[in-house]
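Written out below as structure tokens is the structure these notes cover.
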Amino acid sequence: MQRLRTLFFTGLFCLSSIVAALPVQAQSSGPQWPQRPVRFIIPLGPGSGVDITARLIADKLAAKWGQPVVVENRPGGDAFLAITGVLSAHDDHVLLFAPASTFTAHTLLHDKLPYDPKELVPIARVTNTLIALGVPADLKVSTLKELADKIRAEPGKLNYASVTGANDLLFAAWLKTEKLDMAKVPYKDTVQAINDLAEGRIHAFVGAYAIMRPRVQAGKVKVIALTNRQHAKALNDIPTAAEAGFKSLEFDGLVGLLGPREVSQAVRDRIAADIRQVVSDPEVESKLAATGQVVNPGTPAEFTEALEDQLKTVRQIGDTLGIKPAQ
């Protein structure tokens, strides 16, 4: 009888220990997310540096999360299609993977927005895109100063293109600061702009290095400066705009993940931590560097701070151009 009683209490103690351990294990494993496939919506078309980055990271996260991570391109509409698509879903499994420059200048470019910027919450900083200033190789311009001198010598005869958004306004503000006269050529399709740049139909383009790279490698386009604050190790022979003596053309290509308010703080922290682990893999970092991305993972708070810094820069650009942000 004593032996049965001993076995009973021993079994009860073991069962109690297991039950007591369950909440601790559940807590240590983080939020029970994702519960279904996750979607990354991108405001750019296939083949862009951000698109390549999102797909590479999505594959790694899918293996980590045990759920598919689908990358969906929704270009056009000045990023409104992608942003409203995320916010209207009201789903913490539908997220925006985007360069901050596609939306930080919205209040300077539009009187009214189809979304409330306060509803878009930062989740994770991922990379910095290398933003390049490219010119046709046949233009015989090798430095930013040489380009400025050429524009000054031929006022109104040269033209440029850029991606709509902060990068576009950045170059326009630089021209105004330097008192340079250069016509802007609008494009809906960035790829066509790069083709025209390579053929000399436009004389300068500001945008992601990734989309210029094939033309650079073919000897058709020459990159004379990067707008990024930090010198890029992957492109060591190309100076930053500040290093070239034109700090007014300084702007970081901040890229990150954002979502609707339905994404809890715990889930945001979990996603940011997982992304940091993924992009810190030397193999992944090497592949991202090849597409013109500098790995720069950050927490929700760090991403928020970086976005606020970029918004401050955008407001300064607006002041230079005499553009007041929409209320």
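Since every read-out is calculated from the coordinates, none of them should be taken as a lab result. No experiment lies behind these values; they were computed from the predicted model shown. Positions of Cβ are backbone-derived with ideal geometry, glycine not excepted, and every protein chain shown enters the neighbour counts.
Figures for the structure shown
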item	result
Isotropic mean projected area of the C-alpha convex hull, the stretch 131-249 (nm²)	6.4
Ranked list, fewest to most other Cβ atoms within 10 Å of each Cβ, for Ser162, Ser101	Ser162, Ser101
Net charge dipole size for the chain [Lys, Arg +1 and Asp, Glu -1 on Cβ; Debye, nearest 20]	360
The chain: antiparallel DSSP beta bridges as a percent of all, rounded to 5	65
Glu262, Glu283 arranged by Cβ crowding within 10 Å, fewest neighbours leading	Glu283, Glu262
Other-chain or far-sequence residues with amide H under 5 Å of Asn228's (modelled H)	Ile131, Ala241, Phe251
Two-decimal Rg/Rh across the chain, once Rg and the Kirkwood Rh are taken from alpha-carbon atoms	1.12
Cβ charges +1 (Lys, Arg) and -1 (Asp, Glu), total dipole of the stretch 27-82, debye	200
With at most 14 neighbouring Cβ atoms within 10 Å, loop trypsin sites (Lys or Arg not before Pro) (DSSP) excluded, longest segment of the chain	1-111
Over 26 Å between alpha carbons, listed pairs Lys140/Lys312; Lys247/Lys312; Lys150/Lys220; Lys145/Lys222; Lys60/Lys112; Lys118/Lys179	Lys140/Lys312; Lys60/Lys112; Lys118/Lys179
Positive-end residue of Thr143, Leu235, Phe171, charge dipole of the stretch 131-249 with Cβ unit charges	Leu235
Inverse mean reciprocal Cα-Cα distance (Kirkwood Rh) of the stretch 42-127, Å	13.8
Cα-Cα pairs of the stretch 225-327 separated by more than 23 Å (percent)	43
Long-range amide H partners of Gly47 with built H, under 5 Å	Ile52
Cβ charges +1 (Lys, Arg) and -1 (Asp, Glu), total dipole of the stretch 168-280, debye	60
Those chymotrypsin sites (Phe, Trp or Tyr not before Pro) in the stretch 169-266 that DSSP places in a loop and that have at most 11 other beta carbons within 10 Å	none
